[in-house]
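The values are calculated or read from the model by the stated rules, or taken from the named source; none is laboratory data. The structure presented is a predicted model; accordingly, all values stated were derived computationally and were not measured. Neighbour counts are summed over all protein chains in view; Cβ atoms, including those assigned to glycine, are modelled from backbone coordinates with ideal geometry.
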Amino acid sequence: MTRSSHQLWHFHGGLKLDSHKSMSTGSPIVKAKLPAKLTLPVQQHIGEAGQLRVKVGDKVLKGQIIAECPEYVSAPVHAPSSGTIIDINELPAPHPSGLNTLCVVLETDGEDKWIEHQPNKHPNTKSPAELRQLIRKAGIVGLGGAAFPTAVKVNATNANTANHAHIETLIINGAECEPYISCDDMLMREFAEELISGCSIIQYIVSATHCLIAIEDNKPHAIAALKDVLKEQNLHTIEVVTIPTIYPTGGEKQLIKVLTHKEVPSDGLPSDIGLLVQNVGTAVAVHNAIILGEPLISRIVTITGEGVKQPQNMDVLIGTPLSELIEQSGGYHADASKLIMGGPMMGFTLQTDNVPVIKGCNCLLVENTPPEIPATMPCIRCGDCASVCPAQLLPQQLFWMASSKNFDLVQDYHLFDCIECGCCSQVCPSQIPLVQYYRFAKTEIWNQERERIKSDHARNRHNFRQARLDKEKQERAEKLRKKKELLEKKKQAEAAAKASGSGSEVDPKKAAIEAAMKRVQEKKAAQRAENKKPTDTAAANSAASDEKNDEK
Amino acid sequence: MQFKTVTSPHIAQQNSVQTLMYKVLLAMIPGTIAMIYFFGWGVLINIIIASVAALSAEALMLWIRQRPIKPYITDGSALLTAALLALALPQLAPWWLTVIGTLFAIVIAKHLYGGLGFNPFNPAMVGYVVVIISFPKEMTQWVPPLLDNYTQLTFSETLAIIFGANLPPALTWDAVTMATPLDTVKTQLGLELSIHEIENHKVYGPMFGSVGGFGWEWINALFLAGGLYLAIKKVIDWRIPAGIIVALLVLSNTFALYDYASFTPPTFHLFSGGIMLAAFFIATDPITAATTTKGRWLYGMGIGVFIFIIRTWGSYPDGIAFAIILMNMAVPLLDYYTMPRAFGHSWTEFPHHHKVDDDE
């Protein structure tokens, strides 16, 4: 059926890592028990936080909106089960910062009663815009981990021109390149039909002519399952492509390079080169949202690692405490020492398992290696970091610049093209935590940028105010002079009238010329004064509206 | 349950500076054994003297600089510097010469620049240059490689010469030392002998083996083997030795074809002196070498070119140390102008010129 071989390319660098995936793929996906309490952070996505639509004491149904936001880049949060809102408070959520965030706590009633929802058996009868709206309402975000609102992504626009972009190819990312994680693998095995359906819907929305489902060659079961469905349904526009297992092939830009040889421009988006990449989990969520009318209230989570007794994949309601998932996976081994959300390369460690599953949580990894930071040695300039960097950067130079806080130069060396994949840290013989330095530099630069915008703002405002005051002063002076002139003219006229009365003749032509020349001179003087004013008119214009607002 | 938090990645690292250094030392063993075989106990004694001096100097400098002693003294870098320098010195060099070279390498070329990772020049080569400029006479005390009509010194005789400059009775310096093949070629070419005449000379002829200097060809072959092991294991970047060999091969071949009577053949260049040791073990020191892919090619080729120039027209028989130090100087420039194109960027937007802030 599908072409057996799709030409593939390589991205620079990358690593071959031990996959450790079979640890959690031995048993089918288990449905996690309905927890007594669900904790729902209102911000689980990139973009604006949702505004609350419930209050403490409210009874909610499964699928009811808890929080939503009118902003374009945002996604609503729904109740994953029916019950009562018992608390709205700042609570711990899974975030690298370890800080608390606004959460809604839902006490489940065990009935799991759905709110009325509308299945759409034939999505092709709806317009792409309508389908995008449904995706948006379903609160779908990228389930690969980044959690970017899907409705925004499928409304592909050009990064620079903001024009609608033409999508040639839809890429479905089933690479799952990080070790240990297997939720996408299991999802592809068990929800192959739903996945293909989701692909078709997205393909229809963005009017992509074909769709590639890219899967690393260490997932033969998933590949076979999807190929079977495609064969059964006789679909020719969707193709399963087996790609080599190299970390980080699952990175959006790397995957695009492998499949198409194209490079997403540094300041651009895949849509700029006619591509759209979606995670397999997201495609299934799209199927659920459109065909079943169900919002995103659950996801597959891998619970794995040497520190947990029964590694497995679970179908989990958003908001379920991680501790319950660990408990249902046999609990911790005595030597469990590190709790990681995400994979071992890019995941972040958690202080406690008393935090909920959120939409972007693909894996909970429990390690038994001591979390001690190894003693670092100085950089010996071996260059191994550069040879594995998939962004083709010079990690070593970035490290020198970041550690000497040379934030201008570090940007010239393309710090912001770093995807924080961790390859450089992984191979560094001096055991330098390189990625940590890049994160530090990025954060510092963002802070500086914020400060700069603030001070620019203040300066512009000041300049504008100064310009306005000058202008007012000048206008006043002008008015005064005009008054004086008028007065003088009057006097002259009176004098002339008196003179003509006495018989001497004044040429009216001559008087008119004199008056005209005077006017020209005045105009020139005014122009000269104008030119001397050192204000930046552009800055003044941009600051004008700000000042107005401020002075209200 | 409470857990400690650390930053990603979370997979235990396999690699360490120590492992790299010891792998390099390990790969030097076959070539070193060949050197001991052909040149006698002096090779081993020099290595021991240099190692003791290097480790003592390293410990002292770490203590003075208030750095942790254990991780640095065990990282193998001082030992490697000592071994490289010792192999480059003549076998009968007096002990104090070895000590001075080593101290200069560790104290001045390494620690005064900031220690491991911060030295711009290869410490072993700096030590070598210091002694070859300061003590030219002692630097000629090379032992003849297992030749029939020369006396083979015993271990205790060698020890006595190195530590007390006491020659065994009835022996002169001429009987125990001899110019190296590279030195001989240089001197005799100066005396207007042709390469062919030198190679078939009654006195000098036996110094030449089938491809390079007698004994030297085996030593180089074994260092080459060790170097290939390192390149395959990715401990060193193969581009540096490849650059050196390619440049040397092209230049020596061109000149030998042009005038085979006055220019030694490429095989002689590659299998005499310390070429393979330098190409695979010294020039590949990552700290002092270029770091980019293209930069490493250019760095290697630059060394090859300088070696050929100094060997052919310079006043020293072998120019490896000078060639390496000269190219060490060029490293910042090479790194700067050979930066790779970053993913998603075009070749034209190099970070070659740092934009000056326009704000005020």
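Key figures
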| item | result |
| --- | --- |
| Members of the range A:258-313 found to be of a type in the set (A, V, I, L, M) and free of Cβ contacts under 8 Å to residues at least 12 places away in the same chain, listed by number | none |
| Unique match (being of a type in the set (Lys, Arg), at pLDDT 90 or above and outside the structural domain of residue A:388 (by TED's automatic domain parsing)) among A:473, A:518 | A:473 |
| Qualifying helices (runs of 4 or more DSSP H) (wholly inside the range B:50-156; at least 1 residues being modelled with pLDDT of 95 or more) | B:77-88, B:95-103, B:123-134 |
| So residue B:207, is it in contact (Cβ under 8 Å) with a residue 60 or more places away in the chain and either in contact with a helix residue (DSSP H, G or I) (Cβ under 6 Å, 6 or more places away or on another chain) or not hydroxyl-bearing (Ser, Thr, Tyr) (or both) | yes |
| Residue check, residue A:354 under 28 Å from the mean Cα position of the chain (by Cα), buried (at least 23 other Cβ atoms within 10 Å of the Cβ), of a type in the set (S, T, N, Q) and at pLDDT below 95 | no |
| Members of the range B:309-346 found to be more than 11 Å from every other protein chain (Cβ to nearest Cβ), crowded, with 19+ Cβ neighbours inside 10 Å and in a helix (DSSP H, G or I), listed by number | B:310, B:311, B:320, B:321, B:322, B:323, B:324, B:325, B:327, B:328, B:334 |
| Boolean, residue A:228 is in the same structural domain as residue A:121 (by TED's automatic domain parsing), buried (at least 24 other Cβ atoms within 10 Å of the Cβ) and not small (Gly, Ala, Ser) | no |
| Residue in the range B:283-296 that is away from chain A (no Cβ under 14 Å), farther than 28 Å from residue B:209 by Cα and at pLDDT 95 or above present | no |
| Number of positions in the range A:248-274 that are part of a loop (DSSP other than H, G, I, E, B) and surrounded by fewer than 21 Cβ atoms within 10 Å (Cβ to Cβ) | 9 |
| Residue list for the range B:1-53, filter: among the hydrophobic types (A, V, I, L, M, F, W, C), more than 15 Å from residue B:277 (Cβ to Cβ) and within 14 Å of chain A (Cβ to nearest Cβ) | B:1, B:3, B:6, B:11, B:12, B:17, B:20, B:21 |
| Only listed residue being on the phi > 0 side of the Ramachandran plot and either under 18 Å from the mean Cα position of the chain (by Cα) or not hydroxyl-bearing (Ser, Thr, Tyr) (or both), chosen from A:144, A:174, A:198, A:139 | A:139 |
| Among residues of the range A:400-446, those that are assigned to a loop (DSSP other than H, G, I, E, B), more than 9 Å from chain B (Cβ to nearest Cβ) and among the polar types (S, T, N, Q), counted | 2 |
| Qualifying residue in the range A:117-139 (condition: surrounded by 13 or more Cβ atoms within 10 Å (Cβ to Cβ), assigned by TED's automatic domain parsing to the domain that holds residue A:203, under 27 Å from residue A:38 (Cα atoms) and at pLDDT below 90) | yes |
| Hits in the range A:1-56 - residues which are within 24 Å of residue A:354 (Cβ to Cβ), among the polar types (S, T, N, Q) and not in a loop (DSSP other than H, G, I, E, B) | A:24, A:39 |
| Any hit, the range A:286-302, residues being within 27 Å of residue A:247 (Cβ to Cβ) and within 14 Å of chain B (Cβ to nearest Cβ) | no |
| Matching residues in the range A:59-111 - criterion: being in a strand (DSSP E or B) and either on the phi > 0 side of the Ramachandran plot or charged (D, E, K, R) (or both) | A:59, A:62, A:68, A:83, A:87, A:90, A:107 |
| Any hit, the range B:239-255, residues being in contact (Cβ under 8 Å) with a residue 24 or more places away in the chain, surrounded by fewer than 23 Cβ atoms within 10 Å (Cβ to Cβ) and in a loop (DSSP other than H, G, I, E, B) | no |
| Output for the range A:59-103, where each listed residue is within 14 Å of chain B (Cβ to nearest Cβ) and crowded, with 21+ Cβ neighbours inside 10 Å | A:94 |
| Selection from the range B:1-25 of residues that are assigned to a helix (DSSP H, G or I) and without any contact (Cβ under 8 Å) to a residue 60 or more places away in the chain | B:18, B:19, B:21, B:22, B:25 |
| Residue in the range B:159-169 that is within 19 Å of residue B:311 (Cβ to Cβ) and part of a loop (DSSP other than H, G, I, E, B) present | no |
| Of all residues making up the range A:321-351, the number that are on the phi > 0 side of the Ramachandran plot and either crowded, with 20+ Cβ neighbours inside 10 Å or at the interface with chain B (Cβ under 8 Å from one of its Cβ atoms) (or both) | 1 |
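Results for (1) of a type in the set (Val, Ile, Thr); (2) touching a Gly at 6+ places or on another chain (Cβ under 6 Å); (3) surrounded by fewer than 17 Cβ atoms within 10 Å (Cβ to Cβ), shown as yes or no for each residue.
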| site | (1), (2), (3) |
| --- | --- |
| B:152 | no, no, yes |
| B:156 | no, no, yes |
| B:163 | no, no, yes |
| B:166 | no, no, yes |
| B:173 | no, no, yes |
| B:179 | no, no, no |
| B:184 | yes, no, no |
| B:191 | no, no, yes |
